[in-house]
Amino acid sequence: MRSTFKLLFYINRSKVKSDGTTAVLCRISIDGKQAVLTTGIYCKPEDWNTKKGIIRIERENNNLSAFRKRLEQTYEHILKEQGVISSELLKNTIVGVNSVPDLLLQAGEVERERLRIRSLEINSTSTYRQSKTTQANLRDFIHSRGLEDIHFRDITGEFGESFKLFLKKDLGYKPTHVNHCLCWLNRLIYIAVDQEVIRANPLEDVAYEKKDPPKLRYTGRNDLKRIMETPMHEPMLELARRMFIFSSFTALAYVDVYRLYPHHIGKTSEGRLYIRKRRAKTNVEAFIPLHPVAEQILMLYNTTDDSKPVFPSPNRGVLWHQVNQIAVAAGLNENISYHQSRHSCGTLLLSAGIAIESIAKIMGHANISTTQGYAKVTDTKISEDMDRLMERRKIRYSDSETVNGKGVSR
């Protein structure tokens, strides 16, 4: 059954500041239980309309309306995510880290709400999206111990070690995701420490899992050629194909293509086009002279109106699905992701003999050691190609001996 939810805005006329203003307060009522919080908005008592619960000054009233809307949206969001809500949880979520709940899961929801708001401000949802899974894993673990939630002061090293074992054994997660979940748990605990809910982090001795060496998946030259030779009839699939090819020749990640605007495109004195922009992930400037293929694709889209991005990019989830459809249409034997296009560019540049320092600048790496990871992939591929070549030579040599040998049957 849906909760009864009411908001009442009011002022305390007995507490007026020296500048003649008083704070606007909000009383949240959910299922008969109430919580009061300050809105951070102030007005003069004579400007407050008690009957309507509004401020007569337009600017301050607009701020109040925005606060009311935020409360209502947060209420809907928590109810959708958790199925239950209380006035105290809604208050703590709105107030954020300035008032951390004493309970771990409640603190997690407050932090997720802060991340959601932050994701809208920076136009990047990756951290917020990942927190949904890590918070859910933490909730499953706590429920598996017969608890609805746990107080920060009851968290011990045993809790951390058991959580890690639960992730590995019960849920079957690999080291990378186990570490993501431990990182989320530590994040919440350190916020509680910072707000003096507890004195110290009890999980400081809980070690993270040793991660497997990273594997850079990339699309090889032949597979990329097949994608380039397989145009799509459906417009959105063709857009996805072109974006994938464009990133394979520019090393731009999805978010960088999504935020690519005409002002990022320049031209050298020789008339060659290039892209110069800061990468969203590292904030390091990438300088990318455009390959003729990338230039040809660029000319098909917006290169003049700086109020709109270059590509009318679909959202991340849709694009990932479309890229897999393109791979199937091109006859590739494996699923591919959009990010493979960036890895493909790095390996192709190294294979072509481009200096690793130049590749680091093109790819916008903050540290050249990241670029050296592509060198390892290239070295491995060269070794594998050489092994196959040697194997073919052995077969040919063996066949030649059989044909010319004395024991050949006629």
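The values are calculated or read from the model by the stated rules, or taken from the named source; none is laboratory data. Just so you know, these numbers come straight off a predicted model, no measurement behind them. Neighbour counts are summed over all protein chains in view; Cβ atoms, including those assigned to glycine, are modelled from backbone coordinates with ideal geometry.
If we scan the stretch 270-292, do we find a residue that is part of a helix (DSSP H, G or I), surrounded by fewer than 19 Cβ atoms within 10 Å (Cβ to Cβ) and assigned by TED's automatic domain parsing to the domain that holds I354? Outline the logic, then answer.
First pass over the stretch 270-292, keeping only residues part of a helix (DSSP H, G or I): 292.
Now narrow it down to the ones that are surrounded by fewer than 19 Cβ atoms within 10 Å (Cβ to Cβ): 292.
With assigned by TED's automatic domain parsing to the domain that holds I354 added as a condition, the list becomes 292.
Scanning the stretch 270-292, I find at least one residue that is part of a helix (DSSP H, G or I), surrounded by fewer than 19 Cβ atoms within 10 Å (Cβ to Cβ) and assigned by TED's automatic domain parsing to the domain that holds I354, so the answer is yes.
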Listed by first then second residue, the pairs whose first member lies in the stretch 326-350 and is at pLDDT 85 or above, whose partner is of a type in the set (K, R) and assigned to a helix (DSSP H, G or I), with beta carbons under 7 Å and at least 6 positions apart or on separate chains, are I326/R241; A330/R226; G331/R226; L332/R226
I'd like the residue in the stretch 294-307 that is in a loop (DSSP other than H, G, I, E, B) and in contact (Cβ under 8 Å) with a residue 12 or more places away in the chain and, out of all such residues, is surrounded by the most Cβ atoms within 10 Å (Cβ to Cβ). N302
Of the listed residues (N123, N92), the one being in contact with a Pro (Cβ under 6 Å, 6 or more places away or on another chain) and over 19 Å from L203 (Cβ atoms) is N92
So, P231, is that one in a loop (DSSP other than H, G, I, E, B) and either within 27 Å of T282 (Cα to Cα) or in the same structural domain as D305 (by TED's automatic domain parsing) (or both) or not? yes
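Quick check, is I122 within 30 Å of L7 (Cα to Cα) and free of Cβ contacts under 8 Å to residues at least 12 places away in the same chain?
On the way: within 30 Å of L7 (Cα to Cα): yes; free of Cβ contacts under 8 Å to residues at least 12 places away in the same chain: yes.
Spelling it out, I122 is indeed within 30 Å of L7 (Cα to Cα) and free of Cβ contacts under 8 Å to residues at least 12 places away in the same chain.
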Output for Cβ contacts, cut-off 9 Å, separation at least six or different chains, first residue among the small types (G, A, S) in the stretch 134-160, second surrounded by fewer than 13 Cβ atoms within 10 Å (Cβ to Cβ), reads S144/D170; G157/E204; G157/D205; G160/D205
